[in-house]
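A quick write-up on the structure given underneath.
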Amino acid sequence: MADNDKALGRLRTGIDGLDNITSGGVPLNNQVLIAGGPGCGKTLLSMQIAYNSAKNGIPASFITLEETQAEVLENFKTAFSEFNDIDDLVSKKMLVLAGDETASKIQGGNDSQSYAFSSVLSDIEDILKINGSKCVVIDSISLLKLMLGDLLTYRKSMFALSTNMKRMGVTGFLTMELHSTNRQGMSFSPEFFIFDGTLIMYQNIEENKRVYGMEVLKMRGSDHSLSVAPYEITKRGFKVFTISDI
Ligand SMILES: Nc1ncnc2c1ncn2[C@@H]1O[C@H](COP(=O)(O)OP(=O)(O)OP(=O)(O)O)[C@@H](O)[C@H]1O
Ligand SMILES: [Mg+2]
């Protein structure tokens, strides 16, 4: 981590434009929800954050509970052909991809709750020990919601997840599915209150065309933009078009 980042106490996402709308990055130890509808780029964005972190010398982990590890890596390489050093970062364990085993245990059997949430937490802890990750992605927490059933248990578990990630000293990014792809249809979920930060990714319709936009709904301990910033997915990664309102 650059000395400057340490002084600021922030983890730079390294996403072009995103660090501008969060006043220089995510405060260290914050747990940030990345929420959006299908196909808005939650997996690619969070994977790019982990990749950028590893490339910047800060060990990272990407825990996938939806797609397989191989699929995530393949899709990332296809989308971002210029990030051709990713295999090197993975082989050096600067970037750890994990989650296949945990996901199959959650999904396996007739009673997914038999695989207790505490086991998921201890799996995460074990994964982070592999390279001493300081930047961690869980993609996504939506499977955990299905696993945990009732809302009270789920809410308590999400608090436990957030608290444990803080205890482990990591800055976390947790993706979550939203039913609506656009801003008009968005409703506030309990997760928006539980985690330290919430980044929402939209696909709004403008003149019969879908246009991507992202918004920092909240970021504890940080000033941030109040605007919806348009973004594009390019071969060189995400490009967020910032509006100077902070
Ligand atoms: N090579 C590419 N170039 C440009 N855009 C791409 C490319 N590959 C994928 N995309 C865009 O990224 C989207 C998929 O991104 P991603 O898988 O990260 O979305 P997601 O929000 O995680 O979706 P899901 O809700 O299914 O998990 C695609 O719908 C497509 O619009
Ligand atoms: Mg995804």
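Tabulated data for the structure shown
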| read-out | value |
| --- | --- |
| Set Lys55/Lys239; Lys93/Lys218; Lys92/Lys239; Lys105/Lys156; Lys77/Lys156; Lys129/Lys239 screened for pairs whose C-alpha atoms are more than 25 Å apart | Lys93/Lys218; Lys92/Lys239; Lys77/Lys156; Lys129/Lys239 |
| Extension gain (nm, one decimal) between Lys92 and Asn131, 0.36 nm per residue minus Cα-Cα | 13.1 nm |
| Spin-label zone in the range 22-40 - amide nitrogen under 15 Å from a point set 7 Å from the Cα of His179 along the C-beta vector | 36-38 |
| Dipole magnitude of the range 3-240 about its Cα centre (Cβ charges: Lys, Arg +1; Asp, Glu -1), debye to nearest 20 | 560 |
| Leading residue at positive end of dipole, the chain (Cβ point charges), from Gly221, Tyr154, Tyr51 | Gly221 |
| Percentage relative contact order, the range 71-169, counting C-alpha pairs under 8 Å, at least six apart | 23 |
| Distance (nanometres) between label positions extended 7 Å along Cα→Cβ at Ala116 and Thr78 | 4.0 |
| Longest site-free stretch - the chain; sites: trypsin sites (Lys or Arg not before Pro), DSSP loop, at most 16 other Cβ within 10 Å | 1-91 |
| For the chain, the longest site-free run once GluC sites (Glu not before Pro) in DSSP loop states with at most 14 other Cβ atoms within 10 Å are removed | 83-206 |
| Residue among Asp85, Asp16, Asp139 with the largest mean-square fluctuation in a Gaussian network model of the chain, springs linking Cα atoms under 10 Å | Asp85 |
| Dipole of the range 3-240 [Lys/Arg +1, Asp/Glu -1 at C-beta], most positive-end residue of Ala98, Gly237, Leu174 | Leu174 |
| Cα extents of the chain along the three principal axes, largest first (Å) | 49, 41, 35 |
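Any read-out appearing in this document is the output of simple, stated calculations on the displayed coordinates, not a laboratory observation. The shown structure was predicted, so the numbers you read here are calculated from the model rather than taken from an experiment. All Cβ positions, glycine included, derive from the backbone under ideal geometry; neighbour counts span all protein chains shown.
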